[in-house]
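Notes for the one structure printed next.
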Amino acid sequence: MSRFFAVCFCHKSSFPAVGVMQTWSLVSISVLLGVAVRWGVSLNSYSGAGEPPMFGDYEAQRHWQEVTYNLPLQEWYFNSTDNDLNYWGLDYPPLTAYHSWLCAHIAKIINPEWVELHKSRGYESPEHKLFMRTTVLVADVLIYIPAVVLYCLCLTDGSSKKKVSSLLCILLYPGLILIDYGHFQYNCVSLGFALWGVLALGLGWDVFGSMAFSLALNYKQMELYHALPFFCYLLGKCVKTGLMGRGLFLLVRVATAVLVTFALCWWPFLSDPSQASQVVRRIFPVARGLFEDKVANAWCSLNTLIKIRSILSADSQLYLSFAFTLLAALPSSVKLLTQPTFWHFKLALVNSSLAFFLFSYQVHEKSILLVSLPVCLLLNDLPFMGLWFLQASTFSMLPLLLKDGLLIPYAVTSLAFLLLCIYLLSALDHGSEDELRVGVYRKLFCLPKLDLAGWVKWKFYISVAVMAGLSVLSVVSNPPPHLPDLFPVLVSATAFLQFLGIFIHFNVLQFSKPISKKSQKKTN
Amino acid sequence: MAAAAGTWSWFVPLAAGVSLFKCLFINSYHSTDFEVHRNWLAITHSLPVSRWYHENRSEWTLDYPPLFAWFQFSLSQVAQHFDRNLLQVQNLNYCSRSTVLFQRLSVVFTDLVFIYAVRQCCRCVEEQRSCRDIWTRPSFVLAVLLLWNFGLFIVDHIHFQYNGFLFGFLLLSVAKHLQSCHLQGALLFTVLLNLKHIFLYVAPAYGVYLLRSYCFTQDNTDGSIRWRSFSPVRLLVLGSIVTSVFTLSFGPFVVMGQLPQVLTRLFPFKRGLCHAYWAPNIWALYNILDKVLAHLGVSLQLLQEAELPAASMTGGLVQEFQHSVLPSISPSVTLVCTLLSILPAAASIWWRPRGGRGFLRCLLLCALGSFMFGWHVHEKAILLAILPLSILAVENREDAGIFLLLSTTGHYSLFPLLFTPAELLIKVCLMLMFTIFSFTALRKLHSASLLCPLEVVYLLGLLVVGVVCEVVIPLSPWKQRLPFLPLLVTSVYCSLGVSYSFLRLYGSLLSSQRKHKQL
């Protein structure tokens, strides 16, 4: 906390009061701009608007409110006449259910029709849309945005202006805004909790951090993508401080905190083992297959060449994906275990979540947001690569966004983000070989004469051009009749190639030396 | 300057950023002005010129000057590639997705004129020192104050109008005058007058300034007028520019014998003293005083309630209404008041012209004077004062204080324009953003506090008014009984601030005159 205050109140200004005030007004302007952009996006359509009988994620969330409000807790996860699990059955952990229950109570006060059992199915009205959008914003303002503000003020390097710049860029990352406020989901809650976890670990509050992360896990099971780095970082730290002394004490405290948080979240379901096992079965639907739709991961991309799903049995698909995920996530985790610094922790978060996204079972295109969060945290240190990845991640969700009618917000926010990062973080100026840390490849592949930095930059320009071109093509042209999925496949393949490249790059970073303070000073 | 040339790199991201931000609100609420402009697109596209000012199938008849009609005509040439049905006159209240897209984008794109004008204005302000900190550069602060102006944003991009385009002409013409390119400035302003006649408010400032500072080439040593330096050639050139623009614009209608018809459309005096929602000016205070007196009279039994004319002054489409106690105001009274309020300012630049800045101050006083005393003033007209005042605010400490007062109250008075619940958050966020920025940046720029404690208390009172009007009253049972109470409270409270700013602005004119004399 002392560091926090030091950051906020120590300014080299001839008029100190103005300096502090300026930082705070810049922060509040950034937050207000972030909120305004979020609300601007929320005026647009949502997933499944006016598309009976199944509608989309918006209806799923409303349906969960209906179910949790009207049924006793014991029936939430079970199929019954009042709870048809085939119609958007609850398949997230208990914290999501509690959140729906809370929202449902507020909805009931405003308009009981919104959560009426059975009758409210597919309910849509402008007032209801306003209510649902507001619930997202409230969650965002309470959980995600404060975490971003604190992270940027306390845990990023550089002048206060640089901190505010990265704050603004992180708040305006298009992917999260488009999914939460356009498509409709509550990713800000789970990602917000995870971010609180990262923040707390960065500030050295390990117990608080592990509790926050446990909450994230209990809100959305996909947070498992981040679990390995959290585990390895804390374990590595315990080992480093001595497993026989203070380390052991820390380990016990962290373990207790995690167990208690889990127990509290699962309390109502623990009385009956069948309850708990049913929740677990709902949360991990193994039967749904290796992948759905077009997602920019290894299996879907491989599928365009080899039809894996028809060659392998469901079980072997599961084992194969499990093995590959573990293999891909292992190097960074082992490195983190031996060197548990905050820098390596952030990198490992990227590497682990990207490994999960690329190779694990049943991945959704929206899961890329789990990778985007740690990349956002690295945006200040690695603006060029961060920008590249974040643009690619938004682009990878293009087919989904087009289906939801979010073309204009997609185009506007992506362009604005590109502009912001280039101007505020000077993403393109930080492109020397040293800063990009591409020198390693020279040693690896014996490439003495190439201008690697220039090469990388050109690759970036080309990929931005390809992404822009594909975006335009997907909108304006019709695919040939025998290839109806041409554009979604092209989009996911393009995104996959970039993700793979970035995965390799971040793994290389994990194993190279951290940014030296000297080179940082030069760039500042 | 050569070294500073490279440091303009912030302008493009700022302008591009705001343009992109505007595009986010394509699907937000839009007012009937949207249909008004769609109807004008249809009229100008599908009817011959002779029918433009006669067409009355829609209640939203064409009531802007001819050049704006031609502007709509040129937009309609693009519109036909979006949706041909929007150009049918009989398609009243037509609002397809592509119509919305086209009309919103047309506002964003025509705002390029505004962006260019802002760039020109920023070049005119004095850069005191070559400082590296962007926050202490007046040009940067001015660019943000103009490009991200709250009022312009909600009026144009949510409520729907083309003010950005029009104010672009105004600012460009001001910038030309500041750069001493008087003829270009005059041309731009004449074009502007033929685009929207509300800019007649500031025409006196232009008339006096051009006559005095352009047609007379020299001053006496004490700054007073030297009659012998009058240049008839300059007057002739100026006059020919003005008349040729007016001929181009109104000529065809004069030839067709439609001038009276056009003029009745442009100046509809059948409307009431105040708009449905009272603009925060003197008449709002006058109305409320009348209400209070009537109420007092009835309760003290000096007046009979039955004798009072029943008038709900803020209700619905306001036509003429009677005041209960105070004398009713006729258009001629407002005209006289307006002229009287403008006169000292105009006289001041006639006797002691103080270059482009003096002209700008006079322009502001004209705009604000007409706003304070004019007939049927719209609350949106406050932008006519706020935008040019931004230029003075970054150069002068005194003006910065007035700007903070006027912009905050004036912008707050625009809140009732957006009354839909979905837009509540947007207007609050944007207003806070703009206000926080202007307070911080101007304070940093002038490195001093700019408002006295009483003014700060008044502005904080706006927060209370905001909470009461936007949250408390809508949720309380009063909403049913007194639906217009929030509007009334807002306009009366804001009119105090606007009147005060008007007086302070006049005070600054007089004090600068005194300073000038001492020199």
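None of B:192, B:236 is aliphatic (A, V, I, L, M) and farther than 23 Å from residue B:364 by Cβ except B:236. Close contacts from region A:392-403, counting a first residue that is touching a residue at least 12 places away in the same chain (Cβ under 8 Å) and a second that is assigned to a helix (DSSP H, G or I) and among the aromatic types (Phe, Trp, Tyr), with Cβ to Cβ under 6 Å and a gap of 6+ residues or different chains, come to A:401/A:410.
Taking region A:125-160 as the range and being of a type in the set (D, E, K, R) and either in a helix (DSSP H, G or I) or in contact with a Ser or Thr (Cβ under 6 Å, 6 or more places away or on another chain) (or both) as the test, the residues that pass are A:127, A:129, A:133, A:140. In region A:41-75, of all residues being assigned to a loop (DSSP other than H, G, I, E, B), within 14 Å of chain B (Cβ to nearest Cβ) and among the polar types (S, T, N, Q), the one that is surrounded by the fewest Cβ atoms within 10 Å (Cβ to Cβ) corresponds to A:45. For the structure I just gave you, tell me whether residue A:33 is in contact with a Ser or Thr (Cβ under 8 Å, 6 or more places away or on another chain) and facing chain B (nearest Cβ under 9 Å). The answer is no for residue A:33.
Just one of the numbered conditions (1) assigned to a loop (DSSP other than H, G, I, E, B); (2) away from every other protein chain (no Cβ under 14 Å); (3) under 26 Å from residue A:57 (Cβ atoms) is not true of residue A:405: (2). Count of region B:410-455 residues, restricted to those that are part of a helix (DSSP H, G or I), at the interface with chain A (Cβ under 7 Å from one of its Cβ atoms) and over 18 Å from residue A:141 (Cα atoms), is 6. For residues that are assigned to a helix (DSSP H, G or I) and aromatic (Phe, Trp, Tyr), scanning just region B:330-377, find the one that is nearest to residue B:395 (Cα to Cα). My answer is B:359.
Among the residues of region B:2-19, is there at least one that is crowded, with 20+ Cβ neighbours inside 10 Å, assigned to a loop (DSSP other than H, G, I, E, B) and among the hydrophobic types (A, V, I, L, M, F, W, C)? No, every residue in region B:2-19 fails to be crowded, with 20+ Cβ neighbours inside 10 Å, assigned to a loop (DSSP other than H, G, I, E, B) and among the hydrophobic types (A, V, I, L, M, F, W, C).
Scanning region B:401-408 for any residue that is within 23 Å of residue B:365 (Cα to Cα), buried (at least 19 other Cβ atoms within 10 Å of the Cβ), within 14 Å of chain A (Cβ to nearest Cβ) and out of contact with any strand residue (DSSP E or B) (no Cβ under 8 Å at 6 or more places or on another chain) turns up at least one such residue. Of all residues in region B:166-192, those that are crowded, with 23+ Cβ neighbours inside 10 Å and in contact (Cβ under 8 Å) with a residue 60 or more places away in the chain total 5.
For region A:364-388, a residue qualifies if it is assigned to a helix (DSSP H, G or I) and in contact with a His (Cβ under 9 Å, 6 or more places away or on another chain), and the qualifying residues are A:366, A:370, A:373, A:374, A:383, A:384, A:385. Got at least one residue in region B:12-33 being acidic (Asp, Glu), in contact with a Leu (Cβ under 9 Å, 6 or more places away or on another chain) and more than 10 Å from chain A (Cβ to nearest Cβ)? Among the residues of region B:12-33, not one is acidic (Asp, Glu), in contact with a Leu (Cβ under 9 Å, 6 or more places away or on another chain) and more than 10 Å from chain A (Cβ to nearest Cβ), which makes the answer no. When each of A:360, A:372 is tested for being closer than 28 Å to residue A:158 by Cα and either surrounded by 18 or more Cβ atoms within 10 Å (Cβ to Cβ) or not hydroxyl-bearing (Ser, Thr, Tyr) (or both), the lone residue that passes is A:372. Of all the residues in region A:129-184, those that are more than 14 Å from chain B (Cβ to nearest Cβ) and either touching a His at 6+ places or on another chain (Cβ under 8 Å) or charged (D, E, K, R) (or both) number 4.
Read the figures in this text as sums done on the coordinates, not as results from a lab. From a predicted model like this one, the values you see are computed outputs, not experimental measurements. Glycine gets a Cβ as well: all are built from the backbone with ideal geometry, and neighbour counts include every protein chain shown.
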